[in-house]
There are 2 protein chains.
Amino acid sequence: MRFACAAVAALMTCTALPALAETPNRAQLAASVKGSHDANLKRLQDWIANPTIAAEKTNVDGGAEYMRKRLLDAGFQQARVVKTDGVPGVFATLDAGAPTTLGIYFMYDVKQYDPKEWSSPPLEGRLVDRAEGKAIVGRGAVNQKGPETAFLAALHAFKDTGRKLPVNIVLVAEGEEEIASPHFRQIVSDPEAAAALKKTIGVIIPGAGQESNGATSIDLGAKGVIEVQLISSGEHWGRGPAKDVHSSLKANLDSPAWRLVKALNTLVAEDGQTPAIDGWFDNVKPLTARQKELIAAGVKNSSETDIMKQLGIKHWYKDEDFLTASYRLASQPTVNIEGLVSGYTGPGGKTVLPGRAEAKMDFRLVPDMTREEAEAKLKAHLAKRGFGDIVVNVSGGYSPTETDENSVLVKSQIASLKKAKVDYSLNPRLAGSWPGVTFTGPPLKRPAVGFGLGTGGGAHAPDEWYLIDSKNPKVAGLDESAMFYVDYLYELAEAAKR
Amino acid sequence: MRFACAAVAALMTCTALPALAETPNRAQLAASVKGSHDANLKRLQDWIANPTIAAEKTNVDGGAEYMRKRLLDAGFQQARVVKTDGVPGVFATLDAGAPTTLGIYFMYDVKQYDPKEWSSPPLEGRLVDRAEGKAIVGRGAVNQKGPETAFLAALHAFKDTGRKLPVNIVLVAEGEEEIASPHFRQIVSDPEAAAALKKTIGVIIPGAGQESNGATSIDLGAKGVIEVQLISSGEHWGRGPAKDVHSSLKANLDSPAWRLVKALNTLVAEDGQTPAIDGWFDNVKPLTARQKELIAAGVKNSSETDIMKQLGIKHWYKDEDFLTASYRLASQPTVNIEGLVSGYTGPGGKTVLPGRAEAKMDFRLVPDMTREEAEAKLKAHLAKRGFGDIVVNVSGGYSPTETDENSVLVKSQIASLKKAKVDYSLNPRLAGSWPGVTFTGPPLKRPAVGFGLGTGGGAHAPDEWYLIDSKNPKVAGLDESAMFYVDYLYELAEAAKR
């Protein structure tokens, strides 16, 4: 669900930093990564062929077991499936006897896909030639199996060369990221996992967000989210039909579809934008001066025209200028309709009065809103207006996340990027969401950010891809991404000592 | 699209009427119908196997040609496909040299179906045993290929016995009834068809609406309808995304789905029921005393409990009593949502901001509202509120229809029912719709009503059925329905002479 938006990222110039660590045995490790290129690619293809889709309950148990074996194969000494009330997670540890421990977050699930929309089969992991170089095409390629494979490739290099890692690793993986992580809290609350995570200096999620000029960003925060299905039905309401009936009966029957429209109508202002849920803004914290500074720097270095073209839009909301729109993107909570489903949905019309209507929604939350607050306020708002019969099914969600740019985790990341001569930006807040609050919030309160080189596209869309062999020396392919993680682990170990 | 609702039908007691005509050669004609039972059933099965579905553009040309051949086979001397801007129609004449000419309306199209929902294949026309007797199951069985087959079976009997019909027949058939007859006017405006229809004493649509006690109704009128797709899209609006984008962008992008919700919200009152479109009630004519009398009589003879159970409802709108709800059903125009479609429609959720949202709607019209008025007022209402970008696609429709109970057509129908000892009711207005106004309105201004014996169910639903061999002597099967049409044609010929 992560979504990198260059519009809110600030491109930084390099400033003086402490001396950088050197990676011991780098040539040997690099040779191992290179020698395992085909094996790592094969691992990625095999993983893509093995998708878990939580929304469709596809490969729910198989996906976790597959993840577990994959981790053991990469050098984790223990890896265990953690049962939840939903799709199971995986908890694994790699103890290198090091003083510092790094947390890693994986998602092993992928988004739904429709093979008809793809130019090559979504589970085949076919290699295609792109302007960027040779890329793998498949569901999950960039979100997140590709970047995760690059991280595991780094671990394979340590294992294959018999080298010890400079840090210990604690990894937690979930299979429900794409449905807003409804049970991830259960995974990190597993007593052993909780104890292990407590030892970490912070948590990273492998990512691949390099732009075509090689620049990347460190996302210091992300909005929270609740995903909700609002369901109006005659069966639950006790009024109107319990199933679809002939539409001529509308004259003396109540309509669950109209009821949903009337309820939805109360959730946003007349322009269909500003949330109108009672008390929704009570805990909304304005952007800090530093956050606005970072956003303004990002806007300065971005092309509004390119972004608009890419999104297929002509105007920002209210025709605001790019900077104002970018402040809004980072600072405002949203009430979004993801989908509407009721009655007849085929071509043309069909004269039915539907017995059921559903709005699929997501609500993005900014600090200091919480997931619990949002659910409670939404339900109270509807109940107060007499819509208590509308089922509010919260299928997933979590509070916003924020990490301090002055934490050791972020400082070591910055150091690694500088060493690799990669331009970077600090993004105060993703408009998208990831369950970082599970780490940054109580009880753990650790820094947690996405991190990595490489590139790809088409997350949640057809023809999702991840770059394997790069034509551009500024953009990492699979091997360079793996080696960047190798370097980073040493950098972190050194930074933690200071 | 016809919908018989016993709740608004008045069961009449027999009163004195002129002496009834006798059917000449009845025994011979009845023997012919009986001898052709298997052939007529085979014709119905073959027709069911050959569906035309206008909404899906299925079998558009084949269906009309099939209809044409079927009419020639039944004894029409000429039958011709009439091209339209949509699905073609058929115009046919059977000249018996009689002084009186009867108009017949056929629909040869059927509603969409999903084979997965059926207990036997929807195009197979399988015979099944029901409480009522042996019935054929298939899409179009009762709506309207079964009743139409019964009418054609009557004509086959005349042809097979070499007997002349007592009246001439002018038949018009359309293939777009299920999408609200958008081009039927073009068929009846064909110069030859128009001239032929002008000679008719009135028009009937074969039907099969006998209840389990054998009672049937004569529907003197029906609401008009417009079927409309309201489409809000970024592409047409010029705001928000032109295609689905990641939902995190909601903060600074307009939403076509929210826009549709806001526009829909203006169309009905807060309770989701009363139309709130500007000027919508300007031409709504209240029920006459006679119409209320007929409705009240119908309510007296109906079981509210049975009807509620059948519809799966517990309350009428506003918890009105059955009589008030029945007045409302007949007298009020409706604004109905048939379906909602936007963005992600699968299980659970998907974090998209949809580029398009569609409401499928139907608006039922009562006298003296017109189809043209309704379309114009809907568009003006939306435009006045700034929703001029929302596409209003009127996919079909027509004005309400009314026929005088004192017309020769209705009087002869009543006489036939009395002769057949069938209890009957007069229903002042169907809550559903059929394009009778094409005949009852200008320029033709002829009486037009549905008529026939027999029974069936599941129109627009899975397992649609039509009774072939009845166990109940009070309810007609295929052969009895055909013979009833034979008798009726003589009755009409006699009545027209008086």
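The values are calculated or read from the model by the stated rules, or taken from the named source; none is laboratory data. Computed from a predicted structure; not experimentally measured. When we count neighbours, we look across all protein chains shown, and the Cβ atoms used for this are built from the backbone with ideal geometry, even at glycine. Only protein heavy atoms, including side chains, enter the accessible area calculation; ligands, DNA and RNA are left aside. Shrake-Rupley method; radii C 1.70, N 1.55, O 1.52, S 1.80 Å.
In this structure, is A:GLU320 over 30 Å from B:ASN336 (Cα atoms) and either within 9 Å of another protein chain (Cβ to nearest Cβ) or open to solvent by 10 Å² or more (accessible area, probe 1.4 Å) (or both)?
Considered against the rule, which asks whether it is over 30 Å from B:ASN336 (Cα atoms) and either within 9 Å of another protein chain (Cβ to nearest Cβ) or open to solvent by 10 Å² or more (accessible area, probe 1.4 Å) (or both), A:GLU320 comes out as yes.
Does any residue in region B:197-209 that is assigned by TED's automatic domain parsing to the domain that holds B:VAL437 and under 17 Å from B:GLY452 (Cα atoms) come within less than 6 Å, Cβ to Cβ, of a residue that is of a type in the set (Gly, Ala, Ser) and assigned to a strand (DSSP E or B) six or more places away or on a different chain, and which pairs are these?
Taking only residues 6 or more apart or on different chains, the pairs are B:VAL203/B:GLY103; B:VAL203/B:ALA448; B:ILE205/B:GLY450; B:GLY207/B:GLY450; B:ALA208/B:GLY456.
Does at least one position in region B:289-310 carry a residue that is at the interface with chain A (Cβ under 7 Å from one of its Cβ atoms), modelled with pLDDT of 95 or more and crowded, with 21+ Cβ neighbours inside 10 Å?
Scanning region B:289-310, I find no residue that is at the interface with chain A (Cβ under 7 Å from one of its Cβ atoms), modelled with pLDDT of 95 or more and crowded, with 21+ Cβ neighbours inside 10 Å, so the answer is no.
Condition test on A:ILE295, is it outside any strand (DSSP E or B), of a type in the set (Val, Ile, Thr) and not assigned by TED's automatic domain parsing to the domain that holds A:ASP389?
Yes; evaluated as a whole, the condition is true for this residue.
Looking for whichever is in a helix (DSSP H, G or I) and at pLDDT below 95 here; the options are B:GLU178, B:GLU192. Which one fits?
Every option except B:GLU178 fails the conditions.
With the checklist (1) within 7 Å of chain A (Cβ to nearest Cβ); (2) among the β-branched types (Val, Ile, Thr); (3) more than 24 Å from the chain's Cα centre (by Cα) in hand, flag the one item B:ILE277 doesn't pass.
(1)
Which condition number does A:GLY388 fail, the rest of (1) touching a Pro at 6+ places or on another chain (Cβ under 9 Å); (2) in a loop (DSSP other than H, G, I, E, B) being met?
(1)
Have a look at A:GLU405, A:GLU375 and point out the one that is part of a helix (DSSP H, G or I), more than 14 Å from chain B (Cβ to nearest Cβ), among the acidic types (Asp, Glu) and open to solvent by 30 Å² or more (accessible area, probe 1.4 Å).
It is A:GLU375.
Looking at region B:323-355, which of its residues are at the interface with chain A (Cβ under 7 Å from one of its Cβ atoms) and in a loop (DSSP other than H, G, I, E, B)?
B:GLN332, B:TYR344, B:THR345, B:GLY346, B:PRO347, B:GLY348, B:GLY349, B:LYS350, B:THR351, B:PRO354
Say whether the condition of being modelled with pLDDT of 95 or more, open to solvent by less than 40 Å² (accessible area, probe 1.4 Å) and farther than 20 Å from A:SER481 by Cα is met by at least one residue in region A:30-50.
No, region A:30-50 contains no residue that is modelled with pLDDT of 95 or more, open to solvent by less than 40 Å² (accessible area, probe 1.4 Å) and farther than 20 Å from A:SER481 by Cα.
Restricting to region A:45-71, and then to whatever is among the hydroxyl-bearing types (Ser, Thr, Tyr) and touching a residue at least 24 places away in the same chain (Cβ under 8 Å), can you tell me which residue is nearest to the other protein chains (Cβ to nearest Cβ)?
My answer is A:THR52.
Quick check: is even one residue across region A:82-102 over 19 Å from A:ALA49 (Cβ atoms), in a helix (DSSP H, G or I) and assigned by TED's automatic domain parsing to the domain that holds A:LYS198?
no
Run down B:VAL245, B:VAL261 and say which single residue is more than 20 Å from A:SER342 (Cβ to Cβ), surrounded by 20 or more Cβ atoms within 10 Å (Cβ to Cβ) and assigned by TED's automatic domain parsing to the domain that holds B:THR370.
None of the others qualify; the one that does is B:VAL245.
Within region A:449-471, track down each residue that is open to solvent by 20 Å² or more (accessible area, probe 1.4 Å), charged (D, E, K, R) and in a loop (DSSP other than H, G, I, E, B).
A:ASP463, A:LYS471
Residues being touching a strand residue (DSSP E or B) at 6+ places or on another chain (Cβ under 6 Å), within 16 Å of B:ASP109 (Cα to Cα) and not β-branched (Val, Ile, Thr): count how many of those fall in region B:126-145.
2
Considering region B:356-372 alone, what residues qualify as being open to solvent by 10 Å² or more (accessible area, probe 1.4 Å) and either touching an Asp or Glu at 6+ places or on another chain (Cβ under 8 Å) or more than 9 Å from chain A (Cβ to nearest Cβ) (or both)?
B:ARG356, B:ASP368, B:THR370, B:ARG371, B:GLU372 - these are the residues of region B:356-372 that are open to solvent by 10 Å² or more (accessible area, probe 1.4 Å) and either touching an Asp or Glu at 6+ places or on another chain (Cβ under 8 Å) or more than 9 Å from chain A (Cβ to nearest Cβ) (or both).
Which condition number in (1) open to solvent by less than 50 Å² (accessible area, probe 1.4 Å); (2) more than 22 Å from the chain's Cα centre (by Cα) is the one that B:LEU329 fails?
Answer for B:LEU329: the failing condition is (2).
Return the residues of region B:177-194 that are among the acidic types (Asp, Glu) and either touching a Leu at 6+ places or on another chain (Cβ under 9 Å) or open to solvent by 10 Å² or more (accessible area, probe 1.4 Å) (or both); say none if nothing qualifies.
Residues satisfying the conditions are B:ASP190, B:GLU192.
Pairs please, first residue from region A:91-119 and within 17 Å of A:ALA194 (Cβ to Cβ) and open to solvent by 20 Å² or more (accessible area, probe 1.4 Å), second anywhere and assigned to a strand (DSSP E or B) and modelled with pLDDT under 95, Cβ atoms under 9 Å, 6+ apart in sequence or on different chains.
Pairs that qualify, where the first residue is within 17 Å of A:ALA194 (Cβ to Cβ) and open to solvent by 20 Å² or more (accessible area, probe 1.4 Å) and the partner is assigned to a strand (DSSP E or B) and modelled with pLDDT under 95: there are none.
Criterion first (of a type outside the set (A, V, I, L, M) and over 21 Å from the mean Cα position of the chain (by Cα)) does B:ASP479 satisfy it?
In short, yes.
For region B:248-260, name all the residues that are in contact (Cβ under 8 Å) with a residue 24 or more places away in the chain and facing chain A (nearest Cβ under 7 Å).
B:SER248, B:LEU249, B:LYS250, B:LEU253, B:SER255, B:ALA257, B:ARG259
Does B:GLN210 count as among the polar types (S, T, N, Q) and part of a loop (DSSP other than H, G, I, E, B)?
Yes; evaluated as a whole, the condition is true for this residue.
Select from region B:297-318 the residues that are over 21 Å from B:LEU287 (Cα atoms) and of a type in the set (D, E, K, R) and list them in ascending order.
Residues satisfying the conditions are B:GLU304, B:ASP306, B:LYS309, B:LYS314.
Taking A:VAL245 and the conditions (1) within 12 Å of chain B (Cβ to nearest Cβ); (2) at pLDDT 95 or above; (3) over 20 Å from the mean Cα position of the chain (by Cα), which numbered condition does it fall short on, given that it satisfies the others?
(2)
Which of the residues spanning region B:43-81 are part of a loop (DSSP other than H, G, I, E, B) and among the basic types (Lys, Arg)?
The one that is part of a loop (DSSP other than H, G, I, E, B) and among the basic types (Lys, Arg): B:LYS57.
Determine which member of the set B:SER425, B:SER433 is in a loop (DSSP other than H, G, I, E, B) and surrounded by 21 or more Cβ atoms within 10 Å (Cβ to Cβ).
Unique residue meeting the criteria: B:SER433.
Of the conditions (1) in contact with a helix residue (DSSP H, G or I) (Cβ under 6 Å, 6 or more places away or on another chain); (2) of a type in the set (A, V, I, L, M); (3) part of a strand (DSSP E or B), A:LEU287 clears all except one; give me its number.
(3)
Just to be sure before I move on: is B:SER470 hydroxyl-bearing (Ser, Thr, Tyr) and in contact with a Leu (Cβ under 8 Å, 6 or more places away or on another chain) in the structure I sent?
For B:SER470, the condition - hydroxyl-bearing (Ser, Thr, Tyr) and in contact with a Leu (Cβ under 8 Å, 6 or more places away or on another chain) - is not met.
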